[in-house]
Amino acid sequence: MNNKNILAIGLIIGSMLVSSFSFYFWQVVYSPNILIEKEDLVFNIPTGADFKYVQNSLYDLGIVNDLVSFSFLSKLKRYDQSIKPGSYLLQSDMSNIDAINMLRSGDQFPIKLTYSNARNLQDLSAKVASYLEFDSATMMTNLSNVDVASSYGFTKETFMCMFLPNTYEVYITDGPITVLNRIYSAYKIFWNSERIAKAEALNLSPEEVIILASIVDAETNQMDEAPTIAGVYINRLIKNIKLQADPTLIFALGDFTIKRVLYEHMQIISPYNTYKHVGLPPGPINLPSIASIEAVLNYEKSDYLYFCANPDFSGNHIFAKTLSQHNKNARLLHLALNKKKIYK
């Protein structure tokens, strides 16, 4: 075999090797390797995680098909040296290059933060923190900080007014202040000129509207009568009559198992005791729904000054204009409670 033949064979073999390597490299870079024939998935990388954690998680969760090729390209792209925490949307049949570019750039997928039915700041802190990296204690530290509350225009007691029940887009790595800024922006949008005008017509601030809405929210699950209940309390505020709202006593006592408010409960020393203090309590007693806030802003005008639960236990209420009529209604309710052996 002459030198020309040897050279030709060498060129052919070299060309084949180059082609094979090029094909393999193309497969490593562009072929589907993530969630092959599986549904899209949100992949979480906690703060402080290293490349080994990412490798193990992708393998253990069955996300990556060929871990060797993913690791090879990750090191080639220096992703192994710049792990960014967060939530990332990995798509079905995604290539290594697309996945690594997304992870390397920190292009996070926003999460949906939703909360409702919080009774106090501790409860609210736990609900918010459950979506994010920081814990409820960290959130509570911020919510109970007078300076933080003041920076948004609230007191420690009214701070919960800012948290309108809604769905917020945030990132799992966001800190408490970033989350609070997002919630405050939504609060400012909600209180548009129309709603502010309605609040002013009631001689109430937005915070006071929400405080009253929290009482209405605690009084009824029947939203069709919420504007009527709101109207009763507004009438009492106008006439400077104590609200005498049972839910405020339950909040002050901190015992949410109470089913029947007794005289002894009314003796508690607390600014939230509306049997002793005229006007609204200093802060909301829960996180009221948007519907309850709207019920206050669009309350039903009437001459009602009293109401009590319907003794048929339907969840509805009976309204009265006079104390004598209210006392008759209340006696019927007490008899019904006694019959069911509900004494406290």
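Being of a type in the set (Phe, Trp, Tyr) and either modelled with pLDDT under 95 or touching a Phe, Trp or Tyr at 6+ places or on another chain (Cβ under 6 Å) (or both), is that true of even one residue in the stretch 113-126?
yes
Which residues, counting only those in the stretch 317-336, are within 18 Å of residue 246 (Cβ to Cβ) and either of a type in the set (Lys, Arg) or part of a loop (DSSP other than H, G, I, E, B) (or both)?
331, the sole residue that qualifies.
Restricting to the stretch 282-293, what's the tally of residues that are part of a helix (DSSP H, G or I) and among the hydroxyl-bearing types (Ser, Thr, Tyr)?
1
For every residue, the table says whether it meets (1) under 16 Å from residue 318 (Cβ atoms); (2) surrounded by 20 or more Cβ atoms within 10 Å (Cβ to Cβ); (3) touching a His at 6+ places or on another chain (Cβ under 8 Å).
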residue	(1), (2), (3)
197	no, no, no
202	no, no, no
205	no, no, no
211	no, yes, no
219	yes, yes, yes
229	yes, yes, yes
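Going by the conditions given, is residue 278 within 24 Å of residue 190 (Cβ to Cβ) and among the β-branched types (Val, Ile, Thr)?
no
Could you give every pair whose Cβ atoms fall below 9 Å, whose first residue belongs to the stretch 257-274 and is not assigned by TED's automatic domain parsing to the domain that holds residue 313, and whose second residue is surrounded by 15 or more Cβ atoms within 10 Å (Cβ to Cβ) and not β-branched (Val, Ile, Thr), counting only separations of at least 6 or pairs across chains?
Correct list of pairs: empty, since none qualify.
Applying the selection to the stretch 154-190, what residues are surrounded by fewer than 16 Cβ atoms within 10 Å (Cβ to Cβ) and touching a Pro at 6+ places or on another chain (Cβ under 6 Å)?
Scanning the stretch 154-190 gives a single hit, 169.
Being in contact with a strand residue (DSSP E or B) (Cβ under 6 Å, 6 or more places away or on another chain), within 25 Å of residue 131 (Cα to Cα) and in contact (Cβ under 8 Å) with a residue 24 or more places away in the chain narrows it down to one residue among 44, 65; which is it?
When all the criteria are applied, what remains is 44.
Name the single residue that is surrounded by the most Cβ atoms within 10 Å (Cβ to Cβ) among those in the stretch 84-114 being within 21 Å of the chain's Cα centre (by Cα) and hydroxyl-bearing (Ser, Thr, Tyr).
88
A quick yes/no check of all residues on (1) surrounded by fewer than 20 Cβ atoms within 10 Å (Cβ to Cβ); (2) of a type in the set (Ser, Thr, Tyr); (3) in a strand (DSSP E or B); (4) out of contact with any Leu (no Cβ under 7 Å at 6 or more places or on another chain):
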position: 255; (1), (2), (3), (4): yes, no, no, yes
position: 280; (1), (2), (3), (4): no, no, no, no
position: 295; (1), (2), (3), (4): no, no, no, yes
position: 308; (1), (2), (3), (4): yes, no, yes, no
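Quick check on residue 51: is it within 27 Å of residue 132 (Cα to Cα) and among the hydrophobic types (A, V, I, L, M, F, W, C)?
Spelling it out, residue 51 is indeed within 27 Å of residue 132 (Cα to Cα) and among the hydrophobic types (A, V, I, L, M, F, W, C).
The values are calculated or read from the model by the stated rules, or taken from the named source; none is laboratory data. All values reported here derive from a predicted model rather than from experimental measurement. A quick note on method: Cβ atoms are made from the backbone with ideal geometry, for glycine too, and the neighbour counts reach across all protein chains shown.
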